[in-house]
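Notes follow the structure.
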Amino acid sequence: MVDTVKTGIEGLDSILNGGLVKDATVLVSGNPGTGKSLFGIQYLYDGVREEGERGIYISFEENEDDIRQAAESIGFEEWGDLVESGDIKVYDKSTMLREGDFSAAIDTLLEDFANANYDRLVLDSLTMFELFFEDEKEKRTYLLKFSDILKENGLTSLLINEQGAVFPETEIGLENFLTDGNIYFIQTPTDSGVNRYVWVAKMRKQDIDTDIFPMEIDTGGIKVYERAGGFSMMGREGPEAGF
């Protein structure tokens with residue numbers, strides 16, 4: 001048995017056979033609007049409130065107010081209080097992109113890792129993170145180094161990755177092979193809106209269910225319906241998404 005970290009997502013922890021492998025670095029991919037950032041917010045929020053595990057949220061795309069509003073939009077009213085208390089540390093785009101000095105931003109993170117105890121980390125997004133590197137070799141080197149740093153500091157981490165393709169198998173990047181797990185968020189259009197799905201494609205050291213399962217986003221966060229797998233995304237419809 002391996003040690004696991006609960007995601008706080010109803011149904012997903014069952015699919016993961018208990019949760020994410022402790023200290024793993026997990027890639028969370030999907031096209032825009034699939035719920036990836038909300039997953040990261042819920043992972044940190046429930047980590048503090050349910051497990052007593054402190055978290056770090058790194059965003060290259062949003063400011064701190066935007067992140068708080070996203071959390072409150074799904075009922076996580078205590079997000080601001082948890083940030084103020086230091087249980088969740090937010091590095092927003094104003095910090096990470098200040099004067100374009102990426103090295104200084106990373107040094108600040110490393111100093112925080114060394115001087116405080118955190119258990120969970122969300123990087124939103126890896127797509128922006130990778131723009132700082134000139135070629136594939138440099139990107140691979142930094143991704144490996146960054147992943148090692150996260151593990152050395154006892155962080156179980158989600159790296160959010162923007163994907164242009166609707167279906168994940170059409171777009172397999174280098175980062176998929178450098179992480180311990182791959183989770184995909186998928187949405188397909190319907191006459192009434194969209195249907196949402198989650199697919200755990202890989203999780204090292206863990207026996208997982210690799211079926212594709214329907215999910216919804218509503219007040220209270222993301223819910224995954226683990227008893228409704230084994231169907232065609234283009235056939236039977238899962239439960240309607242909250243929004």
- Task: Only residues in the range 71-85 that are touching a residue at least 40 places away in the same chain (Cβ under 8 Å) and closer than 16 Å to G8 by Cα count as the first member; pair them with residues that are of a type outside the set (A, V, I, L, M) and surrounded by fewer than 13 Cβ atoms within 10 Å (Cβ to Cβ), Cβ under 8 angstrom, at least 6 apart or cross-chain, and list the lot.
- Result: I74/T219; I74/G220; G75/T219; G75/G220
- Task: For residues that are over 21 Å from I56 (Cβ atoms) and open to solvent by 60 Å² or more (accessible area, probe 1.4 Å), tally how many sit in the range 139-157.
- Result: 2
- Answer yes if at least one residue in the range 83-102 is among the basic types (K, R), within 30 Å of F133 (Cα to Cα) and not in a helix (DSSP H, G or I), and no otherwise. yes
- Message: Taking the criterion of being within 22 Å of F39 (Cβ to Cβ) and in a helix (DSSP H, G or I), would at least one residue in the range 113-124 satisfy it?
- Response: no
- Task: Collect the residues in the range 65-76 that are farther than 10 Å from Y45 by Cα and in a loop (DSSP other than H, G, I, E, B), keeping them in residue-number order.
- Result: I74, G75
- Task: Scan the range 12-33 residue by residue and report those that are at positive phi and either among the charged types (D, E, K, R) or open to solvent by 10 Å² or more (accessible area, probe 1.4 Å) (or both).
- Result: N17, G18, D23, G33
- Of the residues that sit in the range 36-62 and are assigned to a loop (DSSP other than H, G, I, E, B) and modelled with pLDDT of 95 or more, which one is surrounded by the fewest Cβ atoms within 10 Å (Cβ to Cβ)? G52
- Task: May I ask you to verify whether D13 is farther than 19 Å from V90 by Cβ, assigned to a loop (DSSP other than H, G, I, E, B) and charged (D, E, K, R)?
- Result: no
- Message: Considering only residues that are in contact with a Leu (Cβ under 9 Å, 6 or more places away or on another chain) and within 28 Å of R98 (Cα to Cα), which ones fall in the range 45-77?
- Response: Y45, R54, G55, I56, Y57, I58, S59, F60, A70, A71, S73
- Query: Has the range 79-89 got any residue that is closer than 24 Å to T219 by Cβ, at pLDDT below 95 and of a type outside the set (G, A, S)?
  - Reply: no
- Task: Exactly one condition in (1) in a strand (DSSP E or B); (2) within 25 Å of P214 (Cα to Cα); (3) in contact with an Asp or Glu (Cβ under 8 Å, 6 or more places away or on another chain) is not met by V28; state its number.
- Result: (3)
- Among the residues of the range 1-25, write down those that are under 17 Å from P214 (Cα atoms) and of a type in the set (A, V, I, L, M). I9, L12, I15, L16
- Pick from the range 187-224, criterion polar (S, T, N, Q) and touching a residue at least 24 places away in the same chain (Cβ under 8 Å), ranking: nearest to L27 (Cα to Cα): Q206
- Query: Quick one: is F146 within 22 Å of L38 (Cβ to Cβ) and among the hydrophobic types (A, V, I, L, M, F, W, C)?
  - Reply: no
- Task: Go through the range 63-95 and count every residue that is within 16 Å of the chain's Cα centre (by Cα), open to solvent by 10 Å² or more (accessible area, probe 1.4 Å) and under 18 Å from S157 (Cβ atoms).
- Result: 4
- Residue selected from the range 100-138 under the condition more than 18 Å from D87 (Cα to Cα) and of a type in the set (A, V, I, L, M), by the criterion most open to solvent (accessible area, probe 1.4 Å): L131
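The values are calculated or read from the model by the stated rules, or taken from the named source; none is laboratory data. It should be emphasised that the depicted structure is a prediction, and the values quoted were computed from it without experimental measurement. For neighbour counting, all protein chains shown are included, and Cβ atoms are generated from backbone atoms with ideal geometry for every residue, glycine included. Each accessible area value is taken on the protein alone, full model and side chains, heavy atoms only, with ligands, DNA and RNA left out. Shrake-Rupley method; radii C 1.70, N 1.55, O 1.52, S 1.80 Å.
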